[in-house]
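First comes the structure, then the notes that go with it.
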Amino acid sequence: MRKIKMVPDLPFHTNCDITIYDVTEGTEKKRCKINVEYAQSDVEQMKRNAPTKEEVLEEYKSWIYDLVKYYIIDDWECVEGYDRVLQIIDEKISPYI
């Protein structure tokens, strides 16, 4: 299982870029960059399957996990930054739920 660190860029109104670093071996190695989109239309689409805010956040968490796993080709756990990423998403989707 890889250990990763997430570093969000400055969040925009509709999306945020997140840089993923592998810190498994004690040094930071940039692995990928993902873009999380949370515009009203994105949130509305997620609300079809997950009607509550908590369920939408779980959908985002699952999507992030699967996407990062695809890029690093391994299971992973976040050792830093995941809480900040989820806080950004929570703040940005609140007006739409």
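Nothing in this text is a laboratory measurement; each read-out follows from the coordinates by a stated rule. Every value quoted in this text rests on a predicted model; they were computed, and no experiment measured them. Here the Cβ positions follow ideal geometry from the backbone for every residue, glycine too, while neighbour counts run over all protein chains shown.
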Notebook entry, point to check: At 222 nm, what helix-only mean residue ellipticity would the chain give, in deg cm²/dmol to the nearest 500, using -39500 (n - 2.57) for each DSSP H run of four or more?
Noted result: -13000 deg cm²/dmol
Check: Applying the Karplus parametrisation 6.51 cos²θ - 1.76 cosθ + 1.60 with θ = phi - 60° to the phi angles of the range 3-15, what ³J(HN,Hα) value in whole Hz is obtained for each residue in order, glycine and proline being reported as x?
Finding: 9, 10, 10, 10, 10, x, 6, 4, x, 8, 5, 10, 6
Notebook entry, point to check: R0 = 30 Å: FRET efficiency of residue 1 with residue 94, Cβ-based, nearest 0.05?
Noted result: 0.40
Next item on the list: Starting with the fewest neighbours, write out 32, 16 ranked by other beta-carbon atoms found within 10 Å of each beta-carbon.
Entry: 32, 16
Note to self: Using a Cα-Cα cut-off of under 20 Å, which lysines could be cross-linked to residue 69, ignoring same-chain neighbours fewer than 8 residues away?
What the structure shows: 3, 5, 29, 30, 33, 61
Note to self: If you take every DSSP beta bridge fully contained in the range 2-96, what fraction is antiparallel? Give it as a percent rounded to 5.
What the structure shows: 75
Next item on the list: Output the relative contact order of the range 2-96, whole-number percent, from Cα pairs under 8 angstrom with separation of 6+ residues.
Entry: 35
Margin query: How big is the dipole moment of the range 2-96 about its Cα centre under a simple scheme where the beta carbon of each Lys and Arg is +1, that of each Asp and Glu is -1, and everything else is neutral? Debye, nearest 20, please.
Written below: 200
Margin query: Helix 82-93 against the longest principal axis of the chain: what's the angle in degrees, Cα atoms only, rounded to the nearest 10?
Written below: 20
Next item on the list: Give the angle, between 0 and 90 degrees and rounded to the nearest 10, that separates the Cα long axis of helix 53-72 from the longest principal axis of the Cα atoms of the chain.
Entry: 30
Item checked: Förster-model FRET efficiency, 30 Å R0, residue 74 and residue 17, C-beta, rounded to 0.05 -> 0.85
